[in-house]
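Some notes on the structure that comes next.
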Amino acid sequence: MIKTLTQVSCLVLVLLAPCCQYKPADFDWKEGDILFQDGDCGEFCEAIRKVTSGYDGHHFSHNGIVLKENGRWMVIEAIRDGVILTPLDTFLNRHLTADGNPKVHVGRLRHPYRELIPEALEYSKSLLGKPYDMAFDMSNEAYYCSELIHFSFKKANKGIGIFKTPPMTFLDPETAEVFPVWKKHFENLSLPVPEGKPGLNPGGMTQDPIIEMIFNFESP
């Protein structure tokens, strides 16, 4: 099934919530863990939910990679402000359930792809400060969340991508028309809607067999 591209935690930076240390007793963070977040982003997220789903029927609108920087757990991610490093607890607290749990699931690359993680993280750090890819164009020098992860591992894998980049769709399956929120977005950029262009999204990535989904913070 054709899947849409994006996420609008990628598009909307939410104010930070109070910091908490989330460290379940039976779970250890590892560099290269990929965090999949279900963001509260209004019309954008509603459009995404209608055309994409992740593993076990969950919906995700954002992702980032965990790394340790100067002894502190961080997440490298692409949001509206561009490619940035965010404290892990800040990321986890950005969107919470009614019970106060992070709306985040953790994925971990399977072997042998894990050997790519060190180089992928180094490359992702070299992209800090790059702009957010509002156009969802994989040929420019800007990055949306899943695109950042894709190109980081592609670089580490000698230019060969490890994640699928299926055709994107911005069409409402009920009407076969472009969602109004996407139509307005691309009109504001004076760009055509990139319907059918290659891309990838957080939900689709959770269903990729090279990733094992290992922890659900929503229902720990």
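Listed values, structure above:
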quantity: P(r) weight above 27 Å for the chain, C-alpha pairs, percent; calculated: 26
quantity: Surface accessible to a 1.4 Å probe, D81 within the full protein complex, Å²; calculated: 110
quantity: Most fluctuating residue given options P198, P173, P102, as computed from a GNM of the chain linking Cα atoms under 10 Å; calculated: P173
quantity: Surface accessible to a 1.4 Å probe, per residue, for the residues of the chain, Å²; calculated: 46
quantity: Distant-in-sequence amide H partners of G64 (H built 1.01 Å from N, under 5 Å); calculated: L35
quantity: Viscosity 0.890 mPa s, 25 °C: Kirkwood-radius Stokes-Einstein D of region 94-220 over Cα pairs, µm²/s; calculated: 148
quantity: From phi via Karplus (6.51, -1.76, 1.60), per-residue ³J(HN,Hα) for region 208-219 in Hz, x at Gly/Pro; calculated: 6, x, 7, 10, 9, 7, 10, 7, 10, 6, 5, 9
quantity: Region 148-163 - phi-based ³J(HN,Hα) in whole Hz, Karplus 6.51/-1.76/1.60, Gly and Pro as x; calculated: 4, 5, 4, 6, 5, 7, 4, 4, 5, 9, 6, x, 10, x, 9, 9
quantity: Carbon/sulfur fraction of accessible area - the chain, other protein chains in place, 1.4 Å, %; calculated: 52
quantity: Under-5 Å amide H pairs with M168, H placed in peptide plane, nonlocal only; calculated: G196, K197, G199
quantity: Listed residues G54, G203, G161, most fluctuating in the chain (Gaussian network, C-alpha, under 10 Å); calculated: G161
quantity: Alpha-carbon centroid distance for the pair region 159-220 / region 40-70, whole angstrom; calculated: 10
quantity: The chain, helix-only ellipticity at 222 nm - DSSP H runs n ≥ 4, -39,500 (n - 2.57), divided by all residues, nearest 500; calculated: -6500 deg cm²/dmol
quantity: Derived scalar couplings ³J(HN,Hα) [region 169-181; Karplus, 6.51 cos²θ - 1.76 cosθ + 1.60; whole Hz; x for Gly, Pro]; calculated: 9, 10, 9, 6, x, 7, 10, 6, 10, 4, 3, x, 5
quantity: Exposure of E177 as accessible area (Å², to 10), given a probe of 1.4 Å and all protein chains; calculated: 120
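The values are calculated or read from the model by the stated rules, or taken from the named source; none is laboratory data. Remember, it's a predicted structure, so these values are computed and weren't measured experimentally. Each accessible area value is taken on the protein alone, full model and side chains, heavy atoms only, with ligands, DNA and RNA left out. Shrake-Rupley method; radii C 1.70, N 1.55, O 1.52, S 1.80 Å.
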